Structure formats: structure tokens, C-alpha cells
Amino acid sequence: MSDNQNLLAEQRRALILDEVRRRGGVRVNKLTRKLNVSDMTIRRDLDTLARRGMLAKVHGGAVPVGEPSAHEPGFEAKSALELSAKEDIARAAAEMAAPGSAIALAGGTTAYALAQRLLDVPDLTVVTNSVRVAEVFYTAQRAAAGGGSGPDTGPSAGPGPGDATVVLTGGVRTPSDTLVGPVADAAIRSLHFDVLFLGVHGISAEAGLSTPNLAEAETNRHFVRSARRVVVVADHTKWGTVGLSSFATLDEVDVLVTDSGLPAEARAELAELPPELVVAGERPAES
């Protein structure tokens with residue numbers, strides 16, 4: 001290969017890398033059209049960049065390299081991140097839970113914030129594999145049971161905060177305080193939910209929804225299959241992050257609730273994908 005051809009190849013790879021970083025991932029077919037080269041050329045470029053550790057290949061394309069894909073932060077480490085974004089997301093997502101419905105609430109810190117918003121929705125049946133989420137409801141129920149004798153208390157006062165029926169699956173506890181594995185999977189397989197609210201470790205057009213924990217990926221697959229409607233709750237930092245194991249494609253997601261920090265490039269890409277995009281905490285544009 002001549003020096004000029006080497007230069008052209010490196011320029012092309014630099015453009016590919018820029019696309020991956022800006023968009024949180026790219027597909028091979030989009031790169032072939034953008035750069036006007038063959039699929040084989042793009043795949044060789046991706047192989048080269050992957051060997052250099054500059055991106056990670058996934059089925060049909062590539063995603064950025066971040067922290068190790070098998071790294072799973074603990075609940076406490078994640079709970080201090082993007083607090084206002086999680087509150088905005090929780091507020092918007094809670095409006096999608098109808099009184100009297102059966103919902104599933106998977107683990108994670110955004111789901112934890114959502115659980116606190118769901119305390120005021122009456123007659124819910126909540127199935128969760130999150131110890132932290134279950135504790136939100138249990139704490140509210142204990143507080144209500146020990147309440148005072150004011151005008152709004154007593155047998156005729158109706159449902160109070162945290163009156164939901166809560167089912168906590170069994171299973172093996174992960175660093176994020178979720179219960180996973182065969183026991184959790186068996187419990188979820190036998191149930192049917194009106195809505196699944198699902199927090200994720202990572203989300204991208206190419207890898208879909210992903211997690212660093214293999215057992216959690218399998219449990220999440222069962223959650224998705226058992227729900228009539230799938231609502232993903234994920235702040236903008238999750239876009240472009242890819243965990244070790246993918247468990248659902250974006251075709252399987254009905255709604256993505258995120259926050260106003262989602263970059264324009266990601267919004268443009270999501271506009272071409274199936275999920276309805278809800279950007280919480282963002283004022284609608286004035287007409």
C-alpha cells in the first residue's frame with residue numbers, strides 16, 4: 001500500500017472514530033453510504049480501530065470504548081450521579097402508571113427515584129427485583145400504619161401513600177441491589193405486567209439495552225417479554241454506554257424517558273428509531 005493510500009485509510013478511520021464518539025455508535029451500512037466505500041472496507045477499518053482499543057465492535061457496527069464493559073458500579077456509587085435528571089425522569093414516568101394497574105419496576109437508582117413518585121398512585125400491584133425499590137414501599141406502608149388520628153386517617157380515609165401490593169422476587173443480589181438468577185427469572189416468567197419501568201446501565205442504537213451483569217441481562221429479558229408496554233428510564237449519560245451483555249433491542253422499547261441533557265446528535269438518531277422519546281424537565285418550544 002502506498003503512503004497516499006495509508007493516509008487516506010487513516011483519514012477515513014479518523015472520520016469513523018469521530019462518528020462513533022459523537023453519536024454513541026454507528027452502523028456499518030450508514031458508514032458505507034457516508035464514506036462511499038464498501039462494507040468490507042468499513043469492517044476492516046472497524047477491526048483495525050478495535051485492535052487499537054479505540055472503539056468496540058458490536059453486531060452491525062461499533063460503539064465507543066468507555067469503562068470496562070463488565071464493570072458494575074454499586075448502588076451507592078450510582079445514587080449520587082445526575083440527581084436532578086433522575087428526579088425529572090421519575091416525575092414524567094410516574095404519569096404513565098395508571099391507578100389499579102400491574103407494573104414491574106426493575107432495579108437501579110432511577111427506578112428507586114421513580115418508586116418514590118409512585119407512592120401516590122392508588123391500588124398498584126408492583127413486582128420488583130430491587131431490594132431498594134421494595135423498601136421504599138415497605139417504609140411508606142409502615143409509616144402509614146403508625147400514622148396519627150387526624151381527619152384524613154382511619155378506615156374510611158381510603159388508600160394512603162404506599163398502599164401498593166408489592167411482590168419482591170427472590171434471587172441472587174447484585175452490586176446494584178437487584179435480585180437476579182433462576183429464582184427471579186421463574187417468578188417473572190409466570191406474571192404479566194401492564195407496564196415495565198426499566199432502568200439500564202447503557203443504551204445505544206447498535207447494542208440496544210445492556211448491562212455488565214450476565215445474570216441481570218437474562219432477568220431483564222424475562223421482564224421485557226412479560227410486559228405489554230416497556231418504558232425505559234435512563235438519564236442522558238447512559239446513551240452510548242455499552243455493557244457486557246445486551247438484553248433488548250430498541251425495537252422492543254415503547255417509550256424512552258430521558259432528560260434534557262441528551263445531545264442533539266442522539267435526539268436526531270432516536271427520531272429514526274421506534275421508541276417514543278420523552279424528554280423530562282424540558283419546556284416545550286414556544287410556537
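Taken together, the values in this text are just the output of simple stated rules run on the coordinates, not laboratory data. Keep in mind that what you see is a predicted model, and the values were worked out from it rather than measured. Every residue, glycine as well, gets a Cβ built from its backbone with ideal geometry; the counts of neighbours run over all protein chains shown.
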- Item | Table column - 3J(HN,Hα) (Hz), region 118-129, Karplus curve with 6.51, -1.76, 1.60, x for Gly and Pro | 7, 4, 8, 8, x, 6, 7, 10, 10, 10, 9, 10
- Note on the structure: Given 110-119, 133-142, the highest-first ranking by average Cβ count within 10 Å works out to 110-119, 133-142
- Non-local amide H neighbours of GLY202 (under 5 Å, H modeled in plane, Pro and chain starts lacking H): which ones? SER210, GLY243
- Query: What is the distance in Å between the Cα centres of region 21-49 and region 167-203?
  - Reply: 36 Å
- For LYS57, go through the aspartates and glutamates and keep the ones whose alpha-carbon is under 17 Å away, minus same-chain ones fewer than eight residues off. ASP18, GLU19, ASP39, ASP45, ASP47, GLU67, GLU206
- Message: Check which residues have an amide H placed less than 5 Å from GLY261's amide H, if you skip close sequence neighbours.
- Response: HIS236
- Along region 34-46, Karplus-curve 3J(HN,Hα) (6.51, -1.76, 1.60; θ = phi - 60°) to the nearest Hz, with x for Gly and Pro, reads 5, 9, 6, 10, 7, 4, 4, 5, 4, 5, 5, 4, 5
- Message: I'd like the Karplus ³J(HN,Hα) series for region 225-241: coefficients 6.51, -1.76, 1.60, θ = phi - 60°, whole numbers in Hz, and an x wherever there's a Gly or Pro.
- Response: 5, 8, 10, 6, 9, 10, 10, 8, 10, 8, 6, 4, 5, 7, 5, x, 8
- Item | Spin-label model distance (nm) - ALA9 vs THR41, 7 Å beyond Cα toward Cβ | 1.3 nm
- Sorted by mean Cβ packing within 10 Å, highest first, what order do the peptides 267-278, 42-53 take? 42-53, 267-278
